[in-house]
Amino acid sequence: MMNPSTTHLRLGEGSKSLWVLGELVTYKVTAEQTSGAYSLFEVVTRPGGSSSPHIQHQEDECFYVLEGEFEFLNNGGVVEASAGSLVYVPRGNLHTYKNVGSEPGRMLVSQTPGGLHERFFEELGEEAQRLTAPPALEGQPDIRRIVMAAAKYGIEMPLPPQARNGYRTAMINRRCSR
């Protein structure tokens, strides 16, 4: 018999799945379940899909590649990662990743401590009705909206010059509200 606080998920299961900026994000373990210690997600990325370059100021992040071929940029260096590879990014490091393979890629992604990315994903994502490979994004994402949401959760996204003023204001407001 399992302890009531123990979580067991079978292949493909999770407590919630969201489409977030063209990726399928499935919550495996939430900060609530770990008393804030960490969050764990399964992320499916379409070929050519990537995250925006960003710096997490409050979380360490770990990527474990389950399927596919990825390239990671971490503080200017490029790391190639295929199934079985682990990439650890301590807080404060500029990083991003891209699926460089010809098939959807799958990773387990954890943030320590947990909770901030859960809220970021919920603000930008929409509930996934079907758990299929991520479709290609249509049109350009609203960069200002993404950057403003990220700032709320301690995530800094370097921007093109024309978009920087709104982001700086959000970061200043966030720092002042602490």
- Task: Identify all residues within segment 125-152 that are modelled with pLDDT under 90 and either exposed (fewer than 10 other Cβ atoms within 10 Å of the Cβ) or among the β-branched types (Val, Ile, Thr) (or both); write none if there are none.
- Result: Glu126, Glu127, Gln129, Arg130, Thr132, Ala136, Glu138, Gly139, Gln140, Ile143
- Among the residues of segment 153-168, how many are of a type in the set (Gly, Ala, Ser) and either closer than 27 Å to Gly36 by Cα or at pLDDT 75 or above (or both)? 1
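Kindly establish whether Ser17 is touching a residue at least 12 places away in the same chain (Cβ under 8 Å) and either part of a strand (DSSP E or B) or out of contact with any helix residue (DSSP H, G or I) (no Cβ under 6 Å at 6 or more places or on another chain) (or both).
Answer is yes for this residue.
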- For segment 22-69 the number of residues that are in contact with a Lys or Arg (Cβ under 9 Å, 6 or more places away or on another chain), acidic (Asp, Glu) and more than 19 Å from Leu131 (Cβ to Cβ) is 3
- Scanning segment 75-107 residue by residue, the ones that are outside any loop (DSSP other than H, G, I, E, B), surrounded by fewer than 16 Cβ atoms within 10 Å (Cβ to Cβ) and hydrophobic (A, V, I, L, M, F, W, C) total 3
- Query: Counting only residues that are touching an Asp or Glu at 6+ places or on another chain (Cβ under 8 Å) and crowded, with 20+ Cβ neighbours inside 10 Å, which one in segment 57-71 is nearest to Thr26 (Cα to Cα)?
  - Reply: Gly68
- Count of residues meeting criterion [out of contact with any Pro (no Cβ under 9 Å at 6 or more places or on another chain) and surrounded by fewer than 18 Cβ atoms within 10 Å (Cβ to Cβ)] in segment 39-51: 1
- Message: For segment 43-74, give me the residue count where each residue is of a type in the set (S, T, N, Q), part of a loop (DSSP other than H, G, I, E, B) and without any contact (Cβ under 8 Å) to a residue 60 or more places away in the chain.
- Response: 1
- Sort out which residues of segment 78-92 are out of contact with any strand residue (DSSP E or B) (no Cβ under 6 Å at 6 or more places or on another chain) and closer than 19 Å to Thr112 by Cβ, and write them in order of number. Gly92
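The values are calculated or read from the model by the stated rules, or taken from the named source; none is laboratory data. Just so it is clear, the model here is predicted, and its values are computed rather than measured. So basically every Cβ, Gly included, is an ideal-geometry build from the backbone, and we count neighbours across all protein chains shown.
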